[in-house]
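Colleague: Pasting a structure here, questions to come.
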Amino acid sequence: MDLGVTALDTSSNYFDFRSHQMLARTAGDLLPKFTLSTKVGYFPGPDGAEHSLDPIRLHSAVEQAAKDLGREPDLVFLHNPEHSLREAAPHHHDLLAQACTALDAAAAKGLCAAWGVASWDPAPLLHLIDTTAPRPAALMVRAGLLVGARTLDAADALINAWCPGVGTVWGMTPFGGSTSAPVWDRIDPRVFLRNNSRLSRVQAAFRTAYHLPQVDSVAVGTDEPAHLSELVGALAGEVEMRTVQEYRNLLRARSRGQPD
């Protein structure tokens, strides 16, 4: 909060399915001061976490989230629905629609203020969208310089189909997992900024992630306050959109096997 961060995002399966209780215990009376989002779709199983789009389990998970958090979430994401949909043919279309209906019903019941879809791989969802089913209020997709061309294009298509100008779009994993990965020593993301002298490479990568694809917010880890402060400072940077578009064109050309 001291850094100006006003939104927290978690998931029911984080910390061995204890994230909601841990967050409520740690944040205490500060929790109502934040906009709070979480995710449902993974459940404890005999061999570890298992994924399910069963409407009853999803509805119960939202209900349990509100109970464990001590308040209704502002937003609940359907977590990686493609995980189950790959194994559900030929009924995957109905399965996705039923899952969306379950979350919409949970929101209507007051268990959360709104619902959305978080997808690591949005491509399998594109041909399953049912315009008669409830539409999510938000989408969360991978964002940043390490996201491939096909995933970026699939994310754009999903955004246009599900949230055309009315929904909120979130980005996740802007560094592909870690800012200490060797790739960040080999490239300088400041080439994507109009004035690249003021920000670090990490800051430039974070700021650019807002445009790969176009998102409204980017979720990052909160393990290191200094790192979080650095990323908040990156928001002052201005991205050169022409450079971003050239980069996407290069990604597409490479994905088709054409020379860069």
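Colleague: What's the percent breakdown of Cα-Cα distances in the chain across 10 Å bins, shortest bin first?
Modeller: 7, 28, 34, 23, 8, 0
Colleague: Further question on the same structure: So what is the calculated 222 nm ellipticity per residue for the chain, using -39500 (n - 2.57) for each DSSP H run with n of 4 or more, over all residues, to the nearest 500 deg cm²/dmol?
Modeller: Value at 222 nm, helices only: -11500 deg cm²/dmol.
Colleague: Would you please give the residues with an amide H less than 5 Å from that of Val117, counting only those at least 5 places away or on a separate chain, with H modeled from the backbone geometry?
Modeller: Amide H neighbours of Val117: Leu78, Ala138, Leu139, Met140.
Colleague: Straight-line reach from Lys39: which aspartates and glutamates have Cα under 19 Å away, leaving out those fewer than 8 places along the same chain?
Modeller: Excluding near neighbours in sequence, the set is Asp9, Asp16, Glu50, Asp54, Glu63, Asp68, Glu72, Asp74, Glu82, Asp104, Asp121, Asp216.
Colleague: Continuing with the same structure: For the stretch 59-138, what are Rg and Dmax over the alpha carbons, in angstrom?
Modeller: Taking only Cα atoms of the stretch 59-138, I get Rg and Dmax of 12.7, 39 Å.
Colleague: Continuing with the same structure: Using 1/(1 + (r/R0)^6) with R0 = 25 angstrom and r between the beta carbons of Asp185 and Asp2, what's the FRET efficiency to the nearest 0.05?
Modeller: 0.25
Colleague: Would you calculate the separation in nanometres between label points at Thr243 and His227, each defined as 7 Å from the Cα along the Cα-to-beta-carbon direction?
Modeller: Taking the two extended label points, one gets 2.4 nm.
Colleague: Need the C-alpha centroid separation for the stretch 1-68 versus the stretch 155-181, integer Å.
Modeller: 20 Å
Colleague: Mind giving me the nanometre distance, one decimal, between the label points for Ala236 and Glu63, set 7 Å out from Cα along Cα→Cβ?
Modeller: Once both label points are built, they end up 5.0 nm from each other.
Colleague: State, to one decimal in nm, how far the label point of Thr132 lies from the label point of Leu31, with both points 7 Å from Cα in the Cβ direction.
Modeller: Simple spin-label model gives 4.0 nm for this pair.
Colleague: In Å, what Kirkwood hydrodynamic radius results for the stretch 82-234 from the alpha-carbon pair distances?
Modeller: Roughly 16.9 Å, rounded to one decimal.
Coordinate-derived values only; no laboratory data. Bear in mind the structure is a predicted one, so any value in this text is a computation, not a measurement. Because the Cβ atoms are built from the backbone with ideal geometry, glycine has one as well, and the counts that use them run over all protein chains shown.
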